[in-house]
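Right, one structure below, let's go through it.
The values are calculated or read from the model by the stated rules, or taken from the named source; none is laboratory data. Fair warning: this is a prediction, and the values are worked out from it, not measured in the lab. Please note: Cβ atoms are built from the backbone with ideal geometry, for glycine as well, and neighbour counts cover all protein chains shown. Side chains are part of the model used for accessible areas, which takes the heavy atoms of the whole protein and leaves out ligands, DNA and RNA. Shrake-Rupley method; radii C 1.70, N 1.55, O 1.52, S 1.80 Å.
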Amino acid sequence: MSDVQLRDFGWRHAGRRAWAVRGLDLEIRHGERVLLLGPSGAGKSTLLAALAGLLPEDSGESEGTIRIDGLDPRKARERVGILFQDPQTQLVMARSGDDVAFGPENRGVPAGEIWPRVSDVLDRVGFPYPINRPTSALSGGEAQRLALAGVLALRPGLLLLDEPTANLDPPGAELIRTAVARATGADTTLIIVEHRVAEALPLVDRVVVLDPGGGVRADGTPEMIFAAYGDRLADEGVWVPGFHTPPLKTRSTSRDHLIRATGAAVGRRLGPVTIEANGGEVLAVTGPNGAGKSTLALVLGGLLAPTSGRVEAFGDRRPPHRWRATTLAGRIGSVFQNPEHQFVTSKVSDELALGPRRLGRSPAEVGRIVTELLERLRLTRLAEANPYTLSGGEARRLSVATALATAPRLLVLDEPTFGQDRRTWRELVDLLAGLRDEGHGIVAVTHDDAFVRTLADRTVPLGVPEPDPLPRRTRP
Amino acid sequence: MNDINPRRWRTIDIVIASVIAVTFGVIFWAWGTVWSVTEGAFAFFPPAQTLIYGVWLVPAVLGALIVRKPGASLYTEAVAATVSALLGSQWGVDTIVSGLLQGLGAELAFAILLYRNFKLPAAVLAGTLTGVSAACYDFVKYTAGTDLWSYRIPYAVITVISGAIIAGAGSWALVRALAPTGVLDRFEAGRERASV
Amino acid sequence: MTLSFAPVADPSAPLARRNPVAKVGAALLFSMPLIATMDPFTPAVALAVELLVLPFFGVRIGVLARRSTPLLLAAAGILVTMVLFAADRGGELVVSLGPIDVTTGVLATAGALILRIFAVALPGIVVFATTDPTDLADALVQNAKAPARFAIGALAAFRLVPLLGDEWRSLSLARRARGVDAGHNPAARVRLFVSTAFALLVGALRRGVRLAVAMDARGFDAETPRTYARRQHFTPADTVLLVLSLLTALAIIAASVALGHFHPVI
Ligand SMILES: Nc1ncnc2c1ncn2[C@@H]1O[C@H](COP(=O)(O)OP(=O)(O)OP(=O)(O)O)[C@@H](O)[C@H]1O
Ligand SMILES: Nc1ncnc2c1ncn2[C@@H]1O[C@H](COP(=O)(O)OP(=O)(O)OP(=O)(O)O)[C@@H](O)[C@H]1O
Ligand SMILES: [Mg+2]
Ligand SMILES: [Mg+2]
């Protein structure tokens, strides 16, 4: 159980001129459960890192004070547990059980207590594998559950969760929510960052909205906040529950055939799938974690050869994975699930200019494309930044924008809208709808219901993965 | 943590030195095969093969240039060697012994400079001393039985030169190239960048 | 090329399940004395001993052969070097290659050195093929009193090895997806290789920075002394293994001295 006090707190990352958070006055009492909201880039992740005592002096500049139970966060680390936006970067050990045990070992928990604890938290988060499962062989959703288990094993008094369900399928997300609800008794203070308000509401009793300009925009119980500021917050990009976007179904009539996969399969990662995408429509691929959606996206994107079955596209005799890179990039644009896997330059604007330049556009045209995309996706002030220093949502938008910059006939997007506030989400959806109406074909792998409702003309659900043949969990 | 002692290794120092070591361990492991293959290409004058010997010695200098703490050379080179042994290097445990000795060479150079100087000449000195320790070990271990003047001495001399150029100057250039990418922001080595 | 570091042996074999520190120590104690001599007799006996204990490590001979293929290339290299540069050119003339005389003395030295390479490398290859990195780090900390932060830090970084393989693939995919490839132009290929390798290093360092933060978040630099969830025991059997390795090595050397084969390197 911990309480939090911020007085005029601010933080500026090294190498940035703008403050990530500033002028923040906030008090959170023992046992409160707070939902932290704010547009993408408002500084939510930065604030959580500050609370966890993970902003070293040498990585930026701070002002004001921050106190946890009256202590400096760096001294109060024992009381705080944090789950980051990207689970793969917070797994430390090679085997799943060892990874959960890592925290308790560091904190000097007696050896005899560690394994029962590990077993207990793994059950609570619904981790389906034995403890010797290699951490490198987990899907995004599975890794997230393991990472949560690693945090819960420390029994923190202050639990900080940064978009804990961003990449999970609905049952998986539900499982995590239940795990969090069960793990956080009256003696745990909880701060959770989640764009999808409706999903997090059952867990919280207070909502705090950060103002991107600095300070707190709104603060109070959910009912009060959404009754008093609902319309305005929705306009500013908060996913206020009850605000739906009308469906934007296709207006295009050209339904020319772009790509077809017939019985395409990839080892144990993807069972045989037959799928077809046409110009002028948005095809949504949905399915549980580990179903092989990302694998299918790589196959359709001409980046992975199917081990059996056929893929044909654009009337070419050769399958896409055999094409020259320039041909491929001219016809199919891919966006990976992990945005950072996509970046090849060290500047946001270069990243956007790369594609059009390689397609031989004139410098003036390249400049126009870059400026327009930066503007529409609210990245203009980051044009000179390094892509790897962007916030989760900004990085996602940039990676989608790189594919939009060349606007090939077929776009294969893996989770194009995760981590977006309502405004940037809307902007992305409009951009994609525009491309579709011009006759481009779009295949989107997604867990995002709103996206499917609004934009998808057709949905292809992928099957449930086979149960893992490994034995149940035992001590090593 | 508020480090009272600037010589104490922070977590990031340990992890980054280890990551450099691991990455180079993988490269060594791949390089081991290249090394054996080049044997054919350099057959006309085998000591010349040592021209690329310096690649083995890069972690010793690179680790210290980035981390700038006592023990960095020794630790990085030793871990790199252990990793390549774990991956199945052809030389087995002996890799670890060479790793320790090579790390010791560079460590000595930075120690002489009291861990205060990490500029180009310091890097070259470190590369040279690593080359010397490597050459001494190989003199006993690998080149025994060959002719002193036509093989053993040229082999040793070229090892030292390669250490100075590839490991010394090469690591220094690598740090310069890494700094703008922002990955070294938490190290003094990467602090000189403009704000955006 | 696959980057695997999973043990490739039967983990329940009597020697494979010894303490990792004892195994590495034994390999060192056994193989290092062999460096002292340059005769063919000593390494030949050592090799015979090594092959005799091999079954107790549970390593399949096929795996071992695959792991030691680079040694064959190294052996070829030694042969070439010796033919060209051997110091001892005595003995009978076997064949004359232009200005170079290949004599029995040359071939004997080459053979001895090749045997020595094999004898010195084999124990290490076997030991590392049967050792899990996590166990090695645990044993280094618990039994060899290595500093825990460094051993665990190295281990955490080591977890990145298979990820680096994936990363390399992702980087290549990303370049391809963005329209960058080298085609058949070798110069472009080298350039692409170098740029991908540099990106790999940058990516690895970036992961390292985040990993360090994640480790601190879970108390890695807490002042409390660590406890160990996985215990590694150093049993009398491990001591016996160490002592036996050293004694065997010394016995082999002694025999080689007694029989007059010993030929010191210096
Ligand atoms: N390591 C870093 N170096 C420099 N700038 C950074 C770094 N991390 C974040 N920033 C910048 O700080 C600002 C706030 O980022 P933060 O990640 O806290 O946003 P966020 O509110 O979590 O956004 P999102 O909802 O998109 O995840 C952004 O403009 C981002 O570009
Ligand atoms: N590089 C790989 N090598 C081996 N197996 C893999 C690899 N990548 C993924 N897998 C496995 O293949 C299966 C399908 O993975 P994929 O990433 O396509 O799932 P997904 O449907 O995209 O899941 P998620 O919704 O969690 O992103 C999973 O069981 C995963 O563990
Ligand atoms: Mg964030
Ligand atoms: Mg996926």
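Taking interchain pairs and intrachain pairs at least six residues apart, which have beta carbon atoms under 6 angstrom, with the first residue in region A:153-166 and more than 18 Å from A:Asp99 (Cβ to Cβ) and modelled with pLDDT under 90 and the second hydrophobic (A, V, I, L, M, F, W, C) and within 16 Å of ligand 2 (Cβ to nearest atom)?
Once the first residue is more than 18 Å from A:Asp99 (Cβ to Cβ) and modelled with pLDDT under 90 and sits in region A:153-166, its partners that are hydrophobic (A, V, I, L, M, F, W, C) and within 16 Å of ligand 2 (Cβ to nearest atom) give A:Thr165/A:Ala173; A:Thr165/A:Ile176; A:Ala166/A:Phe418.
Kindly list, by first and then second residue, each pair from a residue in region C:145-158 that is more than 7 Å from chain B (Cβ to nearest Cβ) to a residue that is open to solvent by 20 Å² or more (accessible area, probe 1.4 Å) and in a helix (DSSP H, G or I), limited to pairs with Cβ atoms under 6 Å and residues at least 6 apart or on different chains.
C:Ala146/C:Leu140; C:Ala151/C:Leu140
For region B:125-147, does any single residue satisfy the condition of being over 18 Å from B:Val157 (Cα atoms) and polar (S, T, N, Q)?
No: region B:125-147 contains no residue that is over 18 Å from B:Val157 (Cα atoms) and polar (S, T, N, Q).
Just need a number here: residues in region A:77-89 that are within 15 Å of A:Asn106 (Cα to Cα) and crowded, with 18+ Cβ neighbours inside 10 Å.
Number of matching residues: 4.
Can you give me the ranges of the strands (runs of 3 or more DSSP E) entirely in region A:191-310 with at least 2 residues that are within 16 Å of ligand 1 (Cβ to nearest atom), buried (at least 16 other Cβ atoms within 10 Å of the Cβ) and not hydroxyl-bearing (Ser, Thr, Tyr)?
A:206-210, A:216-220
Output yes when any residue across region B:158-173 is over 27 Å from B:Ile66 (Cα atoms) and either part of a helix (DSSP H, G or I) or open to solvent by 50 Å² or more (accessible area, probe 1.4 Å) (or both), and no when none is.
no
Being away from ligand 1 (no atom under 12 Å from the Cβ) and within 14 Å of another protein chain (Cβ to nearest Cβ): is that true of A:Ala407 here?
It is true that A:Ala407 is away from ligand 1 (no atom under 12 Å from the Cβ) and within 14 Å of another protein chain (Cβ to nearest Cβ).
Of (1) open to solvent by 10 Å² or more (accessible area, probe 1.4 Å); (2) in the same structural domain as C:Val83 (by TED's automatic domain parsing), C:Ala112 satisfies all except one. Which?
Answer for C:Ala112: the failing condition is (1).
Being within 26 Å of the chain's Cα centre (by Cα), over 25 Å from A:Gly185 (Cα atoms) and of a type outside the set (A, V, I, L, M) is the filter here, so list the residues in region A:97-148 that pass it.
A:Asp98, A:Tyr129, A:Arg133, A:Pro134, A:Thr135, A:Ser136, A:Ser139, A:Gly140
Which of the residues that make up region A:147-174 are outside any loop (DSSP other than H, G, I, E, B) and within 16 Å of ligand 4 (Cβ to nearest atom)?
Listed by number, the residues that qualify are A:Pro170, A:Pro171, A:Gly172, A:Ala173.
Restricting the search to region A:47-72, which residues are within 13 Å of ligand 1 (Cβ to nearest atom), open to solvent by 20 Å² or more (accessible area, probe 1.4 Å) and without any contact (Cβ under 8 Å) to a residue 40 or more places away in the chain?
Once the filter is applied, which keeps residues that are within 13 Å of ligand 1 (Cβ to nearest atom), open to solvent by 20 Å² or more (accessible area, probe 1.4 Å) and without any contact (Cβ under 8 Å) to a residue 40 or more places away in the chain, region A:47-72 yields only A:Pro56.
Return yes or no: is A:Gly97 surrounded by fewer than 20 Cβ atoms within 10 Å (Cβ to Cβ), facing chain C (nearest Cβ under 10 Å) and either in a helix (DSSP H, G or I) or of a type outside the set (D, E, K, R) (or both)?
no
Of the residues A:Gly43, A:Gly15, which single one is within 16 Å of ligand 3 (Cβ to nearest atom) and either farther than 24 Å from A:Val209 by Cβ or buried (at least 21 other Cβ atoms within 10 Å of the Cβ) (or both)?
A:Gly43
Got a sec? Which of C:Arg210, C:Arg218 is open to solvent by 30 Å² or more (accessible area, probe 1.4 Å), more than 18 Å from A:Ala329 (Cβ to Cβ) and touching a Phe, Trp or Tyr at 6+ places or on another chain (Cβ under 9 Å)?
The match here is C:Arg210.
Scan (1) at pLDDT 80 or above; (2) surrounded by 22 or more Cβ atoms within 10 Å (Cβ to Cβ); (3) in a helix (DSSP H, G or I); (4) over 14 Å from the mean Cα position of the chain (by Cα) for the single condition B:Gln102 breaks and write down its number.
(4)
Within region C:141-187, count every residue that is open to solvent by 40 Å² or more (accessible area, probe 1.4 Å), in a loop (DSSP other than H, G, I, E, B) and either at pLDDT below 80 or within 16 Å of ligand 3 (Cβ to nearest atom) (or both).
Looking only at that region, the number is 3.
Can you tell me which residue among C:Arg189, C:Arg206 is more than 20 Å from C:Thr42 (Cα to Cα), of a type in the set (D, E, K, R) and away from chain B (no Cβ under 14 Å)?
C:Arg189
Just name the residue that is nearest to ligand 2 (Cβ to nearest atom) out of those in region A:123-160 that are within 12 Å of chain C (Cβ to nearest Cβ) and among the polar types (S, T, N, Q).
A:Ser136
Keeping to region A:311-321, report how many residues are under 24 Å from A:Asp457 (Cβ atoms) and open to solvent by less than 40 Å² (accessible area, probe 1.4 Å).
Number of matching residues: 3.
Test C:Ala197 against the criterion of being within 11 Å of another protein chain (Cβ to nearest Cβ) and buried (at least 19 other Cβ atoms within 10 Å of the Cβ), and give yes or no.
Criteria not met by C:Ala197.
Take the residues of region C:213-237 that are in contact (Cβ under 8 Å) with a residue 24 or more places away in the chain and aliphatic (A, V, I, L, M): which is farthest from A:Asp86 (Cα to Cα)?
Looking at residues that are in contact (Cβ under 8 Å) with a residue 24 or more places away in the chain and aliphatic (A, V, I, L, M), I get C:Ala237.
Restricting the search to region A:245-266, which residues are closer than 29 Å to A:Arg145 by Cα and more than 16 Å from ligand 4 (Cβ to nearest atom)?
Across region A:245-266, the qualifying residue is only A:Ala265.
So that you can scan it fast, the table gives a plain yes or no per residue for (1) at pLDDT below 80; (2) more than 13 Å from chain B (Cβ to nearest Cβ):
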site	(1), (2)
C:Met32	no, no
C:Ala44	no, yes
C:Phe56	no, yes
C:Ala65	yes, no
C:Thr81	yes, no
C:Arg89	yes, no
C:Leu93	yes, yes
C:Val102	yes, yes
